[in-house]
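**Q** Before we start, here is the structure in question, set down as structure tokens.
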Amino acid sequence: MSKTLPQDLIAEILSPLPTKSLLRFQCISKSCFALINNPYFINMNLERSSSRERSLIMETSTHRPKNYYSVNFSNEDRFGEPVKIFPPLIRRRKNLYHTSISVIGCCNSLVCIRKYDQYRGSNQVAIWNPSIKKHKKLPSEPDLDNDKHSLFNFAFGYDPVNNDYKVLKTAFVKNVKLDNWGLEPSWANAIMQPKKIMVYSLKSHSWRRVEYQWPYKEESFIYSGPPVFSNGTFHWLVNSAPGISTLLTFDLTTEKFGVQTFPFESYLHVELEVLGGSLCVSGNTVGKGVEVWMMKGYGLASSWSRLYTVPVTFFYRRSLMFSKDGEKVLMEDDYSNKIFWYNIKEKKFCGIVDQNDKHIFNKYVWTADYVESLLLLDGDSDN
């Protein structure tokens, strides 16, 4: 009788374990190293990540250069102590006052970050797994990198059909024809139309130019800023005619644009969000607070359902995530930068404290959340 367990059984036993333990187990034997680095095992480990600890990445809102911290919240009512982290594009001892780091997006435990050098006018982008301190820098893209007359927008998402992580890079040209649209001058920097589009594939580690067809026949303006990612698709809000808004979509699998109806014209101001993987809209009302709606059947205009209304006394900035039981929503206050749990049924707010019973202070801005995984195990080390 063989004393060796089948590889499938070993994988089933090891896959739910924390990433730190699995990283140590690589040293046990060659066969164990091969198993843990196997893409099938890495995906199995990711699928079971819901039972592991979640963390938030936050940045200081007052310092320059900004500092970054990771906060564990396995206990949803008591967050862990902030731990300083170093995004891979930051050189720890280099003067960074002329550079800025921003989080483009996060997906399946990977975080996409961008460094912008204001002196050189250059961008550098990396995909990063903060839980194992590995990253992969994106190659330069001369077709757009040498374009000094456009503004660039980045977005990060996952292509579920091809099991690939992609970065969308769009060059925009300002459109100043705003008079007929009734828009304030302060919107001028945000109202743009696409000029060129490139897609980076993590699988191929390369950029590819997308030949696209703009889905609007008439002149139109993107006014929602960076796209929101949900259901394998990026989303923008577009003024397709004066006083008429639609959802512009970009499917990461087909790499094609589309248009969906947007039945929220009555609000003073609307923003796109994502909660529980579903597309959401937050709309400001007059004297009644902010209403949050969710598209429960993707692509179906009739499936929009109102989830909750945030009281007008709360300076709502955005919703971050649901609690594990789905009864609460983590929200960020625009006035204090503090975060609160909002109980949907009881319509009550609950403050969050750390391990020392202190409230999470207002010097932080919350930028991304992630879970532990082994993705990018073959990437470059952060240090």
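The values are calculated or read from the model by the stated rules, or taken from the named source; none is laboratory data. What you see is a predicted model; the values in this text were computed from it and never measured. We place every Cβ from the backbone using ideal geometry, glycine too, and count neighbours over all the protein chains shown. Accessible surface areas use protein heavy atoms only, side chains included; no ligands, DNA or RNA. Shrake-Rupley method; radii C 1.70, N 1.55, O 1.52, S 1.80 Å.
**Q** Got a sec to turn the phi values of the range 28-45 into Karplus ³J(HN,Hα) couplings, 6.51 cos²θ - 1.76 cosθ + 1.60 with θ = phi - 60°, whole Hz, x for Gly and Pro?
**A** Each residue of the range 28-45 in turn: 5, 7, 5, 5, 5, 4, 5, 5, 5, 8, 6, x, 5, 5, 4, 5, 5, 5 Hz.
**Q** Where does the charge balance sit around THR253 when Lys and Arg score +1, Asp and Glu -1, over other residues with C-beta under 11 Å from its C-beta?
**A** Numbers: positive: LYS166, LYS256; negative: ASP159, ASP164, ASP251, GLU255.
That works out to -2.
**Q** Also, I was wondering about something else. Just grab the label-to-label distance for HIS205 and THR261, each label 7 Å out from Cα along the Cβ direction, in nm (one decimal).
**A** Label-label distance for HIS205 and THR261, simple model: 4.7 nm.
**Q** The range 103-118 to the range 257-330: how many Å between their Cα centroids?
**A** 24 Å
**Q** So if R0 is 22 Å, what FRET efficiency would SER336 and SER100 give, r being the distance between their Cβ atoms, rounded to the nearest 0.05?
**A** 0.40
**Q** Still on this structure: With Cβ to Cβ distances under 13 Å as the rule, what net charge do the other residues near PHE264 carry (K, R +1; D, E -1)?
**A** -3
**Q** Here are some pairs, LYS20/LYS169; LYS84/LYS137; LYS66/LYS203; LYS137/LYS169; LYS136/LYS324; which of them have Cα atoms lying more than 25 Å apart in this structure?
**A** Table pairs above 25 Å Cα-Cα are LYS20/LYS169; LYS66/LYS203; LYS136/LYS324.
**Q** Find which of TYR308, PHE250, GLY283 sits farthest along the positive direction of the dipole of the range 208-314, computed with +1 on the beta-carbon of Lys and Arg, -1 on that of Asp and Glu, about the Cα centre.
**A** Final value for the positive-end residue is TYR308.
**Q** Right, something else. Sum up the charges of everything whose Cβ sits under 9 Å from the Cβ of ARG318, counting Lys and Arg as +1 and Asp and Glu as -1, but leave ARG318 out. Write out the running numbers ahead of the final one.
**A** Numbers: positive: ARG317; negative: GLU271, GLU273, GLU332, ASP334.
Surrounding charge for ARG318 is -3.
**Q** A further question follows. Given a 1.4 angstrom probe, I'd like the percentage of the accessible area of the range 219-329 that is carbon and sulfur, rounded to a whole number.
**A** Numbers: 2590 of 4740 Å².
Carbon and sulfur atoms account for 55 percent of the accessible area of the range 219-329.
**Q** Here's something else I'd like to know. Once a ≥ b ≥ c are taken as the square roots of the eigenvalues of the Cα gyration tensor of the range 222-333, is the result rounded (a/c under 1.5), prolate (a/b larger than b/c) or oblate (a/b not larger than b/c)?
**A** The shape class here is oblate.
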